[in-house]
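In what follows, a single structure is set out as structure tokens and then discussed.
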Amino acid sequence: MSTEVESVRTEKDAYKRRDGVGIETSEAEIAGWVARFADLGADPDAFRDANDPSRRLKIMWAISPDNGVVPAAISKLHPFHMSYIESEPGHHPVLHFHEYA
């Protein structure tokens, strides 16, 4: 290994994690905080396609606190919502706005 590579690794090693107190968490508790893309369901009432209003875009919600928008993979309390939109090139949601930040 070259001296340059050793130098870089030494600098990065300075930020290693430190030992501390752990938290006992079951696999079931952790599962409520995990969203797998392959498991996300599409919202049937989602955005209309601006180029074809009869067509709906595939929107999948990963995070929606208390399922406030639609049922989501993660419904634990968060200060935000997160979704994915799947569409073909050249297609996009209709112009819209939100009354909140």
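Scanning segment 38-80 for residues that are among the β-branched types (Val, Ile, Thr) and closer than 18 Å to His96 by Cβ yields a total of 3.
Which of the residues belonging to segment 33-53 are modelled with pLDDT of 80 or more and farther than 11 Å from Ser83 by Cβ? Hits for segment 33-53 are Trp33, Val34, Arg36, Phe37, Ala38, Asp39, Gly41, Arg48, Asp49, Ala50, Asn51, Asp52.
Going through (1) among the hydrophobic types (A, V, I, L, M, F, W, C); (2) under 25 Å from Glu29 (Cβ atoms); (3) modelled with pLDDT of 80 or more one by one, Val69 falls short only on (3).
The values are calculated or read from the model by the stated rules, or taken from the named source; none is laboratory data. Keep in mind that what you see is a predicted model, and the values were worked out from it rather than measured. Cβ coordinates were reconstructed from backbone atoms using ideal geometry, including for glycine residues, and neighbour counts include every protein chain displayed.
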